[in-house]
Amino acid sequence: MTNNLWRNHILPFTLLVGLLGVATLVGDYLLHRFNLVWIGRYLGIPGTLLIIGSLIYSLRKRKMITSGNMKSWLSMHEVGTWLGSLMVLLHAGIHFNAILPWLATVAMGVNVISGMVGKLLLGRSREHVLGQRDHYQLRGMSKEDIERAVFWDAVTLDAMTKWRKVHIPIFIVFAVLALGHIISIFLFWGWV
Amino acid sequence: MSRTLKWILAANLIVLAILAFVYPHLMVGPGKLIPGHAKLESDCFACHAAFTGAESQRCVSCHKPEEIGKLTTTGLPVQNPLTSTPFHQKLISSDCIACHSDHAGVKRFRPTGQFNHRLLEKATRDECQGCHKSPKDSLHQQITGNCSQCHSQDKWTPATFDHAKYFELDRDHNVKCATCHVRDDYSRYTCYGCHEHSQQKIRREHIEEGIRDFDNCVECHKNADEHDIRMPGREREGKRKHGRKQDDD
C-alpha cells in the first residue's frame, strides 16, 4: 500500500472513527463525573431522531423524494448520523444490561463505519488506484508490472467495496433491533 | 441486496424476536432482579403493566402493607428487619415505586437509602424517634423529640441549629466541633482548646477590668469581637471594653 493512500484516505477515516470513540468515552466520563448519568439515559431519544432525520438523504438518493439539494442532504446525513450515533453510544454507556439493545448498538457501530468507508475511502481510493495505473502507464510500464505495483492498493479497494455493501443490510438489522428495544421500553417503562 | 442475504437477515431477526419472548430477562430486561424477586425473572408482567411500567398494585398483591416489616410474603416473621419499627402501615398511600426499584441497570439511576418523609402520615412524621435512634453524644441524649427544631426531614446534616444564638462561628472560629466541645459533649464547651486563648491570659485581662466571674465566656461574649460584650441581665452594652464604657476610652 502506498504512503499516499494511507495518509490521504485511511488516516482521516481512522481519525473520524477514533474521534467518535474518544468523544463517547469523554462524554461518558463527564456524565459520571458530574453525576449527570440521567442525561445519558434520555440521549437515546434525540440520537434516534437525528438518525431517522438523516435518512432523508437515502430517500432523496432513491428518488422517493425530489426536493432539496443532494449534496446538502448528504452532508446532513453524515453529520446527523455521526452525532446521532454519538448520542446513542453515550446512551448505551458502558453498562451491559440486555442483549437486544447491545446488538442494536453493535449493528449501529458497523453501520457508521461502513458509511464512513463510503464517504472517506471508497471514492477517493478508486480515484487513487486509477491515477496510479495511469501514472505507471505513462511511464511505459508493462501491464503486468502495473498490476504488480498497484496490487495491494487494488486488494484494499476490493475489500472496501465489499465493506460498503454492508451499509444497507446492516442498517436494516440496526433499525429492527433498535425498534425492538424502543417497543420493549414503551411496553415496560413507566413514563408517568 | 441479494435474495439470499435478505433471507439470512430475516431468519436472524426472527430468531432474535423469538429469543426476546423466550428469554425476556436476558434480551430486554435492564439487569438482574434483587435475589428476592429472582423467581419472577422471566415473568415481566408480574410487576409491570403494559405501557405504564411497574405498578404498586402488583407489589401489594404479594407484599401486604399491613405485614411489611413484620411478616415475609410467605407469612413467616421477619428475622432481621431493616428498620427497628415497621412504618409501611403509616404511609399515606401505597406508592411503592416512589422509594423502591428493581433491576440492576435501573437501580443505578435511583438514589438509594433515601426516603421521602412526606409519604408518612402527619402524626408518624413528627415522631422521629419511632424509627430513628438518638445519637449517643451527650447533647442528643438530653433531648427527647422535637428533632425538627434543628434537623430537616430531607437530610440529617446540615442541621439548622442556630449556633449564633450562643456563639457566632466567624472565620476565626471556623473549627471542628471537638475543638470547643471535647469528647462530643455539646452540653459543655471550652475556649481554651486553641492557642489564642490561654487560661492565664484570659484571667489576667479580666482581673485587670475587675471581673472575677469569667468562667462562662459565652455569657458575655457572643462572637469574636472582644468589644462586643453582653452582660447578663443588662441590655447590650455596645462597643466597650470589659467593664469600661466606650466614652472612657
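What follows draws every value from the coordinates through simple rules; no lab data is involved. What you see is a predicted model, and the numbers here were worked out from it, not measured in a lab. Every residue, glycine as well, gets a Cβ built from its backbone with ideal geometry; the counts of neighbours run over all protein chains shown.
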field: Dipole in debye (nearest 20) - the protein assembly as shown, about Cα centre, beta carbon charges: Lys, Arg +1; Asp, Glu -1
entry: 2160
statement: Row for the range A:3-188, column shape: gyration tensor on C-alpha, a ≥ b ≥ c, rounded if a/c < 1.5 i.e. under 1.5, prolate if a/b over b/c, else oblate; value prolate
field: DSSP-assigned coil residues among trypsin sites (Lys or Arg not before Pro) in the range A:128-178, each with at most 16 further Cβ atoms within 10 Å
entry: A:Arg139
- line: Sorted by chain and then number, the residues having a modelled amide H within less than 5 Å of the amide H of B:Met231, at least 5 places away or on another chain, are B:Glu237
statement: Counting other chain Cβ atoms within 10 Å of each Cβ in A:180-190 and taking the mean gives 6
task: Using a 10 angstrom cutoff on alpha carbons, build the Gaussian network for chain A and name the most mobile of A:Trp73, A:Trp38, A:Trp102.
output: A:Trp38
query: Mind checking which aspartates and glutamates have their C-alpha under 16 Å from A:Lys162, skipping anything on the same chain fewer than 8 residues away?
result: A:Asp153
message: If amide hydrogens are placed 1.01 Å from N in the peptide plane, which non-local residues have theirs closer than 5 Å to the one on B:Leu71?
response: B:Val78
field: Total charge dipole magnitude, chain A, about the Cα centre, Cβ charges on Lys, Arg, Asp, Glu only, Debye to nearest 20
entry: 420
statement: Averaged over all viewing directions, the convex hull of the alpha carbons in chain B casts a projected area in nm² of 25.3
message: Could you derive backbone 3J(HN,Hα) for the range A:131-136 from the dihedral phi with the Karplus parameters 6.51, -1.76 and 1.60 (θ = phi - 60°), listing whole Hz in sequence and x where the residue is Gly or Pro?
response: x, 4, 4, 4, 4, 5
- prompt: Whose amide H sits under 5 Å from the amide H of B:Ala49, counting only residues 5 or more places off or on another chain, with H placed in the peptide plane?
  reply: B:Ala54, B:Glu55
Whole-Hz ³J(HN,Hα) from phi, Karplus 6.51 cos²θ - 1.76 cosθ + 1.60, for the range B:59-69, glycine and proline x: 5, 6, 5, 9, 9, 6, x, 5, 9, 4, x
query: From the Cα gyration tensor of the protein assembly as shown, with a ≥ b ≥ c the square roots of its eigenvalues, which class applies: rounded if a/c is under 1.5, or else prolate if a/b is larger than b/c, or else oblate?
result: oblate
- line: HN-Hα couplings for the range A:76-83 via Karplus (6.51, -1.76, 1.60; θ = phi - 60°), in whole Hz with x for Gly/Pro, come out as 5, 4, 5, 5, x, 6, 5, 5
Choice from A:Val112, A:Val173, A:Val26 showing the highest fluctuation, given a GNM over chain A with Cα pairs closer than 10 Å: A:Val26
query: If the cut-off is a Cα-Cα distance under 27 Å, which lysines reach B:Lys133, setting aside same-chain residues fewer than 8 apart in sequence?
result: B:Lys64, B:Lys70, B:Lys90, B:Lys122, B:Lys155, B:Lys165, B:Lys176
- request: Can you bin the range A:60-160 into rounded, prolate or oblate? Criterion: square roots of the alpha carbon gyration tensor eigenvalues sorted a ≥ b ≥ c, rounded for a/c under 1.5, prolate for a/b above b/c, oblate for the rest.
  value: oblate
task: Between the alpha-carbon centers of the range A:121-169 and the range B:1-51, tell me the distance in whole angstrom.
output: 45
field: Per-residue mean of C-beta atoms belonging to partner chains within 10 Å, peptide A:96-104
entry: 5
- prompt: List the chymotrypsin sites (Phe, Trp or Tyr not before Pro) in the range B:26-125 that DSSP assigns to loop (not H, G, I, E or B) and whose Cβ has at most 12 other Cβ atoms within 10 Å. Which are they?
  reply: B:Phe51, B:Phe109
